[in-house]
Amino acid sequence: MKLTASLTSPYARKIRILLAEKHIPFELVVDSPWETATSVPALNPLGKVPVLETDEGETFFDSPVIAGFLEALDHPPHLIPQDNMSAVRVRQTEALADGILDAAVLAYLETLRPAEARMASNVARQHDKIERALIRLEAQLTGDWFHGERISLADIAVGCALEYLDLRAPELKWRERHPRLKAFLAKLGARDSFVDTRPPG
Ligand SMILES: N[C@@H](CCC(=O)N[C@@H](CS)C(=O)NCC(=O)O)C(=O)O
């Protein structure tokens, strides 16, 4: 199994962490879709990472679909609950975390434009989305994990989103307003799967 990913992609990191937590061996192919020589569009017409290629040559994207595929391999531990309704709730939290990423990426892309072409209103709009999502997540976190008694895809997706904010939007200082998320990430981020996939500095 091959995973095509860039080392900074938080969506790809979510999948790398799932693979590590499940102890599924895979080959990591590092490829940035922003480079001209990229082979990503040949694998995913949308030109985005991550892309997972099975040994039989079938490709899967985007990251929620890959997460579903990995779970369908029935390789314990289960990171998406087997009960359908619990699985929907885990996927809802994943969608919220991925939405934080979508907003953070859009805000970050604005900063790459020349100063006179930046749309401050767009950055503010994306930051508002992020803050509302963080408020929701802070309220939802009432125990050690987002759902159930052990780590799930929901926790991994939220952890990737929070660390991506640290990487691309440190000015948001989210820890100052969300103490439960702060404590949650302090523990989660110490797991080998998180340490081993942290983007290069
Ligand atoms: N919804 C997708 C998002 C993937 C995504 O946007 N990946 C970024 C890297 S962080 C990318 O490949 N961007 C290239 C582009 O948008 O052209 C997923 O969950 O896999």
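The values are calculated or read from the model by the stated rules, or taken from the named source; none is laboratory data. The structure presented is a predicted model; accordingly, all values stated were derived computationally and were not measured. We place every Cβ from the backbone using ideal geometry, glycine too, and count neighbours over all the protein chains shown. We work out accessible area using only protein heavy atoms, side chains counted, and drop any ligands, DNA or RNA first. Shrake-Rupley method; radii C 1.70, N 1.55, O 1.52, S 1.80 Å.
Can you find a residue in the range 112-120 that is surrounded by fewer than 14 Cβ atoms within 10 Å (Cβ to Cβ), within 16 Å of the ligand (Cβ to nearest atom) and not aromatic (F, W, Y)? Yes - at least one qualifying residue is present in the range 112-120.
Of all residues in the range 17-43, those being open to solvent by less than 50 Å² (accessible area, probe 1.4 Å) and either of a type in the set (A, V, I, L, M) or closer than 20 Å to G99 by Cβ (or both) number 8.
Restricting attention to the range 157-178, does a residue exist that is open to solvent by 80 Å² or more (accessible area, probe 1.4 Å), assigned to a helix (DSSP H, G or I), assigned by TED's automatic domain parsing to the domain that holds G99 and among the aliphatic types (A, V, I, L, M)? For the range 157-178, residues open to solvent by 80 Å² or more (accessible area, probe 1.4 Å), assigned to a helix (DSSP H, G or I), assigned by TED's automatic domain parsing to the domain that holds G99 and among the aliphatic types (A, V, I, L, M): absent. Within the range 179-201, the residues that satisfy the criterion of being assigned to a loop (DSSP other than H, G, I, E, B) and in contact with a Lys or Arg (Cβ under 9 Å, 6 or more places away or on another chain) are G189, D196, T197, R198, P199. If the condition is being in contact (Cβ under 8 Å) with a residue 40 or more places away in the chain and either of a type in the set (V, I, T) or in a helix (DSSP H, G or I) (or both), then the range 136-148 contributes R136, L137, E138, Q140.
The rows are residues; the columns are (1) away from the ligand (no atom under 14 Å from the Cβ); (2) open to solvent by less than 40 Å² (accessible area, probe 1.4 Å).
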| site | (1), (2) |
| --- | --- |
| P64 | no, no |
| A67 | no, yes |
| H78 | yes, no |
| M85 | yes, no |
| R91 | no, no |
| A104 | no, yes |
| E110 | yes, yes |
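The set of residues in the range 179-198 being surrounded by fewer than 14 Cβ atoms within 10 Å (Cβ to Cβ) and under 20 Å from L18 (Cβ atoms) consists of K187, A190, D192, V195, D196, R198. Starting from the range 36-55, take each residue that is more than 13 Å from the ligand (Cβ to nearest atom) and list its partners that are assigned to a loop (DSSP other than H, G, I, E, B), counting only C-beta distances under 9 angstrom and pairs at least six apart or across chains. If the second residue must be assigned to a loop (DSSP other than H, G, I, E, B), the pairs left are A37/D31; E53/M1; T54/M1; D55/M1.
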